[in-house]
Amino acid sequence: MQRLPWKWAWLPLMLLITAKWEQVGGRSYTDLARTDSQLTRLPFFGGGVGHLLRYLHPLSLSSPSERGRISELRSELDANYVSYRGAQLWKLNFNATRGSSMAEREEEDDEVAEERQVLASPDAQFNEVVALFGSEVWNINQDGIDILIEQRNVADARKFMDQVGYSYNIMIDDIETAIDETYVEVPAVEHPLDSVRNNSLPWMEVPGSTMNWRRYHDQADIKQFLQTLLETYEENVELIQIGVTRNKRPLEVIRVSNGNPDNWAVFVDAGLQARDWLSPAALTYAIAKLTYLWGRPKGGGQRQSRAERAMRRIDWYFLPLANPDGYQYSRHTDRLWTKNRGYDTASGCYGVNLDRNFDYGWDGTGSTSNPCKNLYRGAQSFSEPESRAVRSFLSGMREYLGAYVSLGGYGQAITYPWGDADYVTENQRDLKQTARRAVLALRRLNQAEYTSGTSYRQKLARPGNSADWVQDRIGPQLVFNMFLKDQGRYGYLLPPHYIVESGEEVFEFLRTIAQQLE
């Protein structure tokens with residue numbers, strides 16, 4: 001009996017999912033659709049399902065009754081799927097309020113109490129709103145506090161805000177609808193990929209790779225992309241496994257170098273928070289651009305710029321997925337999951353926040369000892385295999401590490417140590433100068449408005465974060481966090497339309513660092 005091509009082996013499952021889709025399509029979700037934006041593709045999941053869905057014909061969800069079906073399909077595929085239907089993202093505005101502070105409640109859990117302390121702001125009365133109605137603080141920036149309001153609290157929160165006269169904006173009217181849009185693939189006519197044909201962005205075509213930066217890819221696609229680069233640029237690219245996760249996924253670093261022993265090294269990681277899909281996407285884009293320009297023939301009349309020459313004098317080490325277990329879980333089950341997937345036997349809860357698990361400042365305000373909370377710091381510092389792997393690898397680079405950069409979402413800020421207090425580092429002059437140059441370069445690039453300063457002054461401090469630990473224990477010339485788009489309109493749910501320009505911003509920042517190290 002002749003074997004069918006492998007992709008046809010999925011045919012029964014394809015028919016089952018198509019039937020499920022039609023079944024969902026018969027239900028009415030008119031009252032749940034909160035936006036007018038159109039979804040043009042099915043969602044993409046991880047592993048085999050992700051590859052399967054690429055064979056399904058794209059669907060145009062043009063009518064209101066059709067919107068909302070994407071999340072329903074996800075719930076059909078995963079019985080544990082977490083829905084955020086009806087939840088909202090609010091921005092509580094600083095410097096635009098009347099009224100006085102309310103008395104703090106006598107009883108509150110550890111995380112709320114710690115969040116109350118960390119929310120030092122000109123309008124501290126907003127802390128009461130967070131404590132009463134917010135399920136989680138997403139960000140604190142110069143304009144205000146971004147908080148997630150669960151559906152059951154929305155009506156009471158609106159009533160409270162009207163009574164006290166606080167100023168706020170509803171940034172996302174329905175979280176589940178915004179989640180749907182992070183699974184969509186951008187149509188080619190709306191995407192810079194079209195310009196590949198005109199050779200303006202040739203690095204976006206990586207032969208043999210499924211990466212296209214028109215959507216957010218799963219861990220398997222990212223792994224395959226790195227392998228493709230290794231095979232394509234074998235003289236300059238190396239893959240290094242620095243550890244494995246609790247679920248036995250490899251932590252892979254890609255090294256791009258000309259082999260010169262006198263080079264400075266730069267280490268860049270992304271995706272410490274699972275729900276942050278933008279930083280791995282932006283970093284893989286920057287890697288694709290760097291390797292393409294590096295592998296470009298030197299002849300043919302193409303002249304290298306000073307910045308390109310500076311980048312070739314660096315040994316680049318990239319960790320595109322620092323939290324692959326959490327990342328995959330966020331793609332399948334809980335889109336807003338932020339921790340890794342470690343298991344606490346005493347509580348029965350999963351996950352440690354890797355951005356709270358490093359040694360410097362560990363156990364400080366802004367983290368919690370409750371294993372069931374998003375800010376859980378772990379039983380002890382470096383309790384997690386992901387943070388230990390980064391520690392071990394960077395410790396071996398102490399003599400030649402020139403810079404460390406951790407990419408994440410969101411806030412459009414370039415920050416540097418310290419985060420625990422308003423202290424000055426020995427290298428702060430270089431950090432401040434480099435950050436300011438990068439801010440100007442990003443503004444010239446695409447009018448992107450980034451701020452810069454210490455994590456403490458930018459209100460983006462996190463106890464136990466990686467950058468402060470690197471500054472304290474490794475001591476390279478430059479240490480930065482780069483918080484990518486946006487400033488609160490979408491938060492962690494940025495649509496994939498913004499991947500390419502974010503990737504260009506990451507590349508520009510790395511180019512600035514290379515020139516500074518030169």
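Considering region 464-493, and only residues there that are outside any helix (DSSP H, G or I) and touching a Lys or Arg at 6+ places or on another chain (Cβ under 6 Å), the residue that is farthest from GLU185 (Cα to Cα) turns out to be GLY464.
Which of the residues spanning region 140-160 are farther than 21 Å from TYR410 by Cβ, open to solvent by 70 Å² or more (accessible area, probe 1.4 Å) and under 27 Å from the mean Cα position of the chain (by Cα)? Correct list: GLN151 only.
Could you tell me which residue of region 198-224 is surrounded by the fewest Cβ atoms within 10 Å (Cβ to Cβ), considering only residues that are of a type in the set (A, V, I, L, M) and under 23 Å from ALA274 (Cα atoms)? Lay out the reasoning, then the answer.
First, the residues of region 198-224 that are of a type in the set (A, V, I, L, M): 201, 204, 206, 211, 220, 222.
Checking which are under 23 Å from ALA274 (Cα atoms) leaves us with 211, 220, 222.
Values: MET211: 22, ALA220: 16, ILE222: 23.
Result: ALA220.
Against the numbered list (1) part of a loop (DSSP other than H, G, I, E, B); (2) crowded, with 21+ Cβ neighbours inside 10 Å; (3) modelled with pLDDT of 95 or more, GLY419 comes up short only at (3). Restricted to region 161-174, and to residues there that are of a type in the set (Val, Ile, Thr) and either under 11 Å from SER71 (Cα atoms) or surrounded by fewer than 22 Cβ atoms within 10 Å (Cβ to Cβ) (or both), the residue that is modelled with the highest pLDDT is ILE170.
The values are calculated or read from the model by the stated rules, or taken from the named source; none is laboratory data. Being a predicted model, the structure only gives us computed values, none of them experimental. Glycine gets a Cβ as well: all are built from the backbone with ideal geometry, and neighbour counts include every protein chain shown. Remember, those area values only see protein heavy atoms, side chains included, never the ligands or the DNA or RNA. Shrake-Rupley method; radii C 1.70, N 1.55, O 1.52, S 1.80 Å.
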